[in-house]
Amino acid sequence: MDLMLKIPVVLVLVIIVFSLFEGMYYLAKDDGSRDKTRVVRALTVRIVLSFVLFSILMAAYLMGWIEPNTVA
């Protein structure tokens, strides 16, 4: 996989993991007195980014930039 494809994929993965931990923090530690939708917003960001990552990988596959592994 080319470096120009690896950088966005890894960046999106890092942001997904950050959003996941952010949602976990809000769920566990936040009392909800300031903003009651922070957990939902963090998890919505994670879902949208996961869809973006899937779209990037599918587009790269369809354009021939990446190929699946073969079992011989």
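Here are a few things to note about the model shown:
- For a label point 7 Å along the Cα-to-beta-carbon line of Phe18, residues of the stretch 26-63 with backbone N under 19 Å: 26-27, 38-54
- Between Val40 and Trp65, the modelled label-to-label distance comes to 3.5 nm, taking each label 7 Å out from Cα in the direction of the beta carbon.
- For the chain, the longest principal axis of the alpha carbon atoms and the long axis of helix 38-62 meet at an angle near 0°.
- GNM result for the chain, Cα springs below 10 Å: residue of Leu11, Leu49, Leu57 fluctuating most strongly: Leu11
- Principal axis dimensions, largest first and in whole angstrom, of the stretch 3-62 by Cα: 46, 17, 13
- Scanning the chain for trypsin sites (Lys or Arg not before Pro) that sit in a DSSP loop and have at most 15 other Cβ atoms within 10 Å, the longest stretch containing none of them is 37-72.
- Between helix 3-29 and the chain: long-axis angle, C-alpha atoms, 0 to 90°, nearest 10: 20 degrees
We did not get these values from a lab; they are worked out from the coordinates using the rules stated. Keep in mind the model is a prediction, meaning the values are calculated, not measured. Glycine also receives a Cβ, built like all others from the backbone with ideal geometry; neighbour counts cover every protein chain displayed.
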